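For reference, the structure is listed below as structure tokens.
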Amino acid sequence: MSCDKNCDTCATSDNCNDKTMNEQDNKINNFLSRVKHKLMVMSGKGGVGKSTVAANLAIALSEKGYSVGLLDVDLHGPSIAGILGLTGIPLNADCDQLLPYQYNENLQVMTVQGLLSDPDEALIWRGPLKIGVIRQFLADTKWSDLDYLIVDCPPGTGDEPLTIIQTIKDAQAVIVTTPQEVSLSDVRKSISFCQQAQLDILGIVENMSGFVCPDCGAVHNIFKSGGGAKLAAERGISFLGKLPIDPQVVDSEDMGDPTAEMSNTTREALHVIVNNIIEKTK
């Protein structure tokens with residue numbers, strides 16, 4: 001912000017800021033030109049398992065041989081590091097570029113958690129700082145060429161998803177909901193947000209759709225089932241599939257490997273969603 005005097009110092013400062021922004025824009029555009037598909041995993045409310053869905057989609061796509069980047073922009077509540085067993089492992093740098101975590105041969109991961117000396121530290125940041133960090137993750141990370149960039153956004157319609165939409169012009173939304181009406185009402189707001197921001201919606205995923213009994217394998221509809229599919233049909237949006245509540249996934253995430261103990265029921269449901277995403281992004 002410059003003063004109200006028309007002096008050389010202020011003019012020089014503005015020019016430097018413009019030059020820095022232009023350089024960063026060029027870096028971001030260069031990276032995005034090397035990414036075939038950009039997916040924003042969104043939710044209208046918290047607690048629907050959005051980060052779990054994002055992590056599992058990224059792992060499943062990478063296991064199919066696709067080159068995948070997973071970017072966690074849920075800056076106030078980053079969950080990806082914990083889900084993938086990366087908590088407490090600092091990110092490294094190569095000259096002026098951050099090196100993403102190499103989770104497996106095909107999956108790279110970037111999260112602010114890797115920059116914190118204390119994983120329990122709260123980030124008390126306002127909008128401009130959050131926007132700057134997200135842009136830096138895109139511009140100053142040494143990403144490989146990617147088939148899919150999956151962005152795990154915080155719930156709602158705040159600075160983080162807005163920054164991604166404004167920066168990644170051809171992103172598509174994957175909206176996560178649970179079957180009950182309290183979640184679906186917030187999804188309707190997410191759909192409205194996407195429409196106002198002219199963001200293409202790839203489809204809806206219904207999470208926590210039934211409970212997989214660890215003893216008998218039967219599925220019980222604790223939170224109902226089918227609400228996401230019904231809403232998708234009402235709004236003319238693709239329904240990508242549904243995932244059950246799976247206690248084995250909880251155990252796997254606590255171990256830092258979310259697919260290790262996944263039940264066959266959940267694994268099959270996940271592959272349906274992944275195959276639908278692949279088909280829709282051909």
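Laboratory data are not the source of any read-out in this text; all were calculated from the coordinates shown. All values reported here derive from a predicted model rather than from experimental measurement. Cβ sites come from the backbone with ideal geometry, for glycine too, and all protein chains shown count toward neighbours.
In table form, for the structure just shown:
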item: Fluctuation leader among 108, 198, 180 - the chain, Gaussian network, Cα springs under 10 angstrom; result: 198
item: Neighbour-count order for 63, 234, fewest beta carbons within 10 angstrom listed first; result: 234, 63
item: For the chain, diffusion coefficient by Stokes-Einstein and Kirkwood Rh (Cα), 25 °C, 0.890 mPa s, µm²/s; result: 125
item: Helix 50-63 vs. the chain, principal-axis angle (Cα, 0 to 90°, nearest 10); result: 90
item: Between segment 153-196 and segment 233-282, the alpha-carbon center distance in angstrom; result: 19
item: Candidate lysines for bridging to residue 64, where Cα separation is under 19 Å - those fewer than 8 sequence places away on the same chain excluded; result: 36, 38, 280, 282
item: Sorted by Cβ neighbour density within 10 Å, fewest at the top, the residues 194, 95, 153; result: 95, 194, 153
item: Residue-by-residue Karplus 3J(HN,Hα) for segment 148-159, coefficients 6.51, -1.76, 1.60, Hz, glycine and proline x; result: 9, 10, 9, 10, 8, 9, x, x, x, 10, x, 4
item: Residue 230-residue 76 FRET efficiency (beta carbon distance; Förster radius 30 Å; 0.05 resolution); result: 0.40
item: Ranked list, fewest to most other Cβ atoms within 10 Å of each Cβ, for 262, 208; result: 262, 208
item: Karplus 3J(HN,Hα) series, Hz, for segment 192-209 with 6.51 cos²θ - 1.76 cosθ + 1.60 (x for Gly, Pro); result: 4, 4, 5, 5, 5, 8, 6, 9, 5, 9, 6, x, 10, 10, 9, 9, 6, 8
item: Cα-based reach from residue 169 at 12 Å (exclusive), listing aspartates and glutamates while leaving out same-chain residues under 8 positions away; result: 200
item: Extension gain (nm, one decimal) between residue 280 and residue 30, 0.36 nm per residue minus Cα-Cα; result: 87.5 nm
